[in-house]
Amino acid sequence: MKKFLWFFLAVIIMALVWYLFVKPSDYTIRFEVRTFPGAINQTIKLWDKTLDAVTPASQEGSLYELKQQLRFNDSVHSYMWKIVPVNDSLSKVIVNVKDEAHSLSNKLQVPFSDTNFEKRSRKTVLDLMENIEDHITKFKVTIVGEEEIPEKYLAYVPVECTQIQKAGGMMENLSFISQFLIENQVALNGPPMIQVTQWSMETDSLKYNFGHPIVRSEKLPIDTEIKYKRIFKKRALKAVYYGNYITSDRAWYALLDHAKKNNIAVENSPVEIFYNNPNMGGDELEWKAEIYMPIKENHE
């Protein structure tokens, strides 16, 4: 009996030591969202810009984990986000919150009272939840499956920017490219498109080629700001996106999730084809884009 009591006491002491001095968070909040992890990841990063962030939200090794530090009056709180995909349309989010200067005090109080720290944490997380819920009503992604990127000859300009600036880069160059092609009587061969040549998910930075597919001709003007290249047919995973083209990259993440769940090796170099002109306005949920994520050649 004494051995059992000593063992029980040792377990209690070890649990207390872990809780007070080892446990990385003071308070944990859990919730579920009916969307895929990439949409949550990007919403957290954009929402972060509206806050008093000491350390902006950054990925901790993958898009499923992010960390940020937010200032509330004289306190700095660390938020550690873990996004767990449940299925194609549901994700679980676990938020570990820590007050860097008052961690021990919080851990002693949290089990016994509803502290100001807990109330602030819940209010902050609720604000994010509302941002996510609002965001996911503004776009729709449908996974089509495996298809081929269509072969095209592209008149384009290279663009380098962040993901959120992608649509802005397109709009800045659309009139210039269109006017150039009209003035030189170049025949178009499809709607505008982009081909991503470099994508860093850690920094949300991009390099892509944006332009119009055209009919190839020996009379095409050279030595201009417009460049030309052939995009060859290639096996890819395809999705259809409806919404503002600013956030069409949400379909990229949906395709990556689909590829991971189905053990399909893909290249992180999406191709987008746009069927609507945003300058014409209208309901953004009717703006259509076809999104392709190339499948690696050695994939079986």
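Applying the set (1) more than 30 Å from residue 235 (Cβ to Cβ); (2) under 23 Å from the mean Cα position of the chain (by Cα); (3) in the same structural domain as residue 249 (by TED's automatic domain parsing) to residue 162 leaves exactly one unmet item: (1). On the stretch given as the stretch 106-164, residues that are at pLDDT below 95, among the small types (Gly, Ala, Ser) and touching a strand residue (DSSP E or B) at 6+ places or on another chain (Cβ under 9 Å) total 1. Picking from residues in the stretch 143-173 that are touching a helix residue (DSSP H, G or I) at 6+ places or on another chain (Cβ under 9 Å) and not in a helix (DSSP H, G or I), the one that is farthest from residue 278 (Cα to Cα) is 145. Close contacts from the stretch 49-64, counting a first residue that is over 16 Å from residue 38 (Cβ atoms) and assigned by TED's automatic domain parsing to the domain that holds residue 260 and a second that is assigned to a loop (DSSP other than H, G, I, E, B) and at pLDDT 90 or above, with Cβ to Cβ under 8 Å and a gap of 6+ residues or different chains, come to none at all.
Evaluate the stretch 174-185: report whether one residue or more is not basic (Lys, Arg) and not in a helix (DSSP H, G or I). The answer is yes; a qualifying residue exists. For a quick check of your reading of the model, give me the residue pairs whose first member lies in the stretch 165-186 and is exposed (fewer than 15 other Cβ atoms within 10 Å of the Cβ), whose second is of a type in the set (A, V, I, L, M, F, W, C) and in a helix (DSSP H, G or I), with beta-carbon atoms closer than 9 Å and at least 6 apart or on different chains. That search, which allows pairs on different chains as well, returns 168/246.
The values are calculated or read from the model by the stated rules, or taken from the named source; none is laboratory data. A quick note: this is a predicted structure, and the numbers were derived from the prediction, not measured. Backbone-built Cβ (ideal geometry, glycine too); neighbour counts: all protein chains shown.
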